[in-house]
Amino acid sequence: MKILIIGSGGREHSITISLNKSDLVKDIYVAPGNAGTALSAQNIPIKETDIELLANFAEEKAIDLTFVGPEAPLVLGIVDYFEKRNLKIIGPDKKAAQLEGSKNWAKELMKKYKIPTAEFKRFTDYNDAFEYLKIKNTYPIVIKADGLAAGKGVTVAQSENEAILALKDCFINEKFKEAGKSIIIEDFLSGQEASIFAFTDGKTILPMEPAQDHKAIYDGDKGPNTGGMGAYCPAPLVTPAIQNKVYKTVFEPLLKAIKEENLNYTGIIYAGLMIDQNEIVNIVEFNVRFGDPETQVVLPRLKTDLATIFKHIVEKSLDKIKLEWDKSSTVGVVLASGGYPESYEKNKQIQGLDKINNDCHVVHAGTKLENNILLTNGGRVLCIVGKDKELKSAIDKTYQELTKIKFDKVYFRNDIGQKGLK
C-alpha cells in the first residue's frame with residue numbers, strides 16, 4: 001500500500017512510526033510533515049488545508065489510502081472532495097466533522113441521542129451572555145468558543161471577572177476570530193478527565209485503550225490550557241467497568257446517531273471524558289481525529305497491525321477484527337518552547353537526540369531540518385515516550401532520558417503520569 005498522511009505534528013509522526021511496522025505498507029508520504037517524518041517517510045511540501053493540491057498529489061502518486069491527522073482539513077471538507085474524485089480517504093465528511101468543528105452542533109446531537117454531557121446554552125451576543133452569567137451566578141463555569149481554536153478556546157472561569165474576560169476574548173477582542181463569534185456556556189463538571197479513542201467504519205466501533213492527557217502548562221494542572229503537555233496509557237482511572245459504561249452510554253448512542261442522521265463517518269472518534277468520584281461519566285467533548293499527545297502513548301501499545309485496521313475501515317469490515325494490546329505502560333512527556341502557549345521563539349538548535357536509549361523513542365512535532373541541523377519550529381517541539389511493565393518505571397525511564405535533550409528555553413512538566421500512581 002501507498003499511504004498519504006496529512007499533518008505535521010507528533011500525532012502524524014506517531015502514526016507514521018506505527019505504519020512503518022506493517023508488511024502491507026510500501027511507501028508513506030506525509031504532507032507537510034516535520035523533521036521526524038522526514039526520517040521515517042517522505043515529506044511533501046503541501047499545506048494540510050490545501051485540499052486540491054493534496055488530492056492532485058494522491059492521484060498522481062496512485063495513493064491507495066489517505067489518512068487525515070488534524071481536524072482543520074476534515075472540518076473544511078477534505079473527505080467530501082477526495083471522495084468526489086474517487087480517492088480513498090479515512091475521516092468524517094464535512095457534516096460529520098461538525099462533531100468537533102461546532103461545539104453547539106455536537107452538544108445538540110448529544111442531547112438528542114441522550115449522551116451524558118453538561119447542561120449548556122448557546123450565545124452569539126456579548127450582552128446576552130453577560131446577562132446569563134449574572135442570572136446564573138454559579139462558579140466555576142465553562143465558556144467555549146463554538147469553532148476550532150487549536151485546543152485553546154475553552155475557559156474554566158473561577159469567578160465572574162474571569163468569565164467576563166473570556167466573553168470579551170470571544171466577542172470583543174475576537175481572539176478566536178470566526179470560531180469565537182458563537183459560544184456555549186456550560187455547567188462545570190467536577191472529576192478527572194481521560195480520553196478513549198475508537199476506530200469506526202460507520203457501522204462498528206472498536207474502542208482503544210484509555211489514556212490521560214495533561215492539558216495545563218504548569219505542574220499540578222495550573223496555568224492556561226495547551227494542546228497537551230504529556231500523556232500516559234493505560235489510565236487506571238478508567239476501570240474495565242467504566243470502559244464498559246462508556247461503550248454503552250457513549251459509543252453505542254453515537255453509532256446510532258451516525259446511522260440515523262446519515263453521517264458519513266469513518267476513522268477516529270475521540271471521546272473526552274469527565275469521571276467523577278462516583279464513577280459517573282460525562283462527555284466533555286468529541287473530537288473527530290486522534291488526540292495529540294495521547295496518540296504517542298496509545299499506538300505503541302497496539303499489537304494489531306495499524307495498516308490492517310485502516311484497510312478494514314475503508315472496506316467497512318471492522319467487525320472482522322479484534323484489537324490486541326500489550327500489557328505495558330507508556331508515558332509521553334512534551335518538550336515545549338519556553339513561552340508556549342503564548343509567544344515563543346523558533347529556530348533554536350536541538351541537541352542530544354543521538355543519546356536517547358533505544359527503549360525510549362522521540363516523536364517530533366514542531367521541528368524542522370535546515371542544512372542538516374535540527375531546529376525548533378513550534379510550541380510543542382518533541383515528545384519523549386518511554387515504555388515499561390509498570391507506570392512508575394515508565395515515568396522514571398522517560399524523565400531520565402529527556403534530560404539528555406537540550407535546546408534554548410526548553411520547558412516540560414515534571415509530573416506527567418503521577419495521577420495514575422495515586
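Annotations
- Long-range neighbours under 7 Å by Cβ, at least six apart or interchain, first residue surrounded by fewer than 21 Cβ atoms within 10 Å (Cβ to Cβ) within the range 371-400, second outside any strand (DSSP E or B) and of a type in the set (S, T, N, Q): Leu375/Asn347; Asp388/Ser328; Lys389/Ser328
- Within the range 8-37, being among the aliphatic types (A, V, I, L, M), farther than 19 Å from Val297 by Cβ and either in the same structural domain as Ile268 (by the TED database) or buried (at least 17 other Cβ atoms within 10 Å of the Cβ) (or both) holds for Val25, Ile28, Val30, Ala31, Ala35.
- Qualifying residue in the range 58-76 (condition: under 22 Å from the mean Cα position of the chain (by Cα), surrounded by 20 or more Cβ atoms within 10 Å (Cβ to Cβ) and among the charged types (D, E, K, R)): yes
- Residue within the range 297-307 that is assigned to a strand (DSSP E or B), over 26 Å from Leu4 (Cβ atoms) and within 22 Å of the chain's Cα centre (by Cα) present: no
- Leading residue by the ranking (surrounded by the most Cβ atoms within 10 Å (Cβ to Cβ)) among those in the range 327-359 that are more than 29 Å from Pro234 (Cα to Cα) and among the acidic types (Asp, Glu): Glu345
- Positions within the range 48-87 being assigned to a loop (DSSP other than H, G, I, E, B) and not β-branched (Val, Ile, Thr), in sequence order: Glu48, Asp50, Lys61, Ala62, Asp64, Gly69, Pro70, Gly77, Arg85, Asn86, Leu87
- Inter-residue pairs, beta-carbon under 6 Å, first at positive phi and in the range 220-245, second in a strand (DSSP E or B), 6+ apart: Gly223/Ala216; Gly223/Ile217; Gly228/Asp213; Gly230/Gly332; Gly230/Val333; Gly230/Val334
- Residue in the range 308-322 that is over 26 Å from Lys203 (Cβ atoms), modelled with pLDDT of 95 or more, under 20 Å from the mean Cα position of the chain (by Cα) and not in a loop (DSSP other than H, G, I, E, B) present: no
- Enumeration of residues in the range 170-180 that are touching a residue at least 12 places away in the same chain (Cβ under 8 Å) and buried (at least 16 other Cβ atoms within 10 Å of the Cβ): Cys170, Phe171, Phe176, Ala179, Gly180
The values are calculated or read from the model by the stated rules, or taken from the named source; none is laboratory data. Nothing here was measured: the structure is a model prediction, and the numbers come from that model. Glycine also receives a Cβ, built like all others from the backbone with ideal geometry; neighbour counts cover every protein chain displayed.
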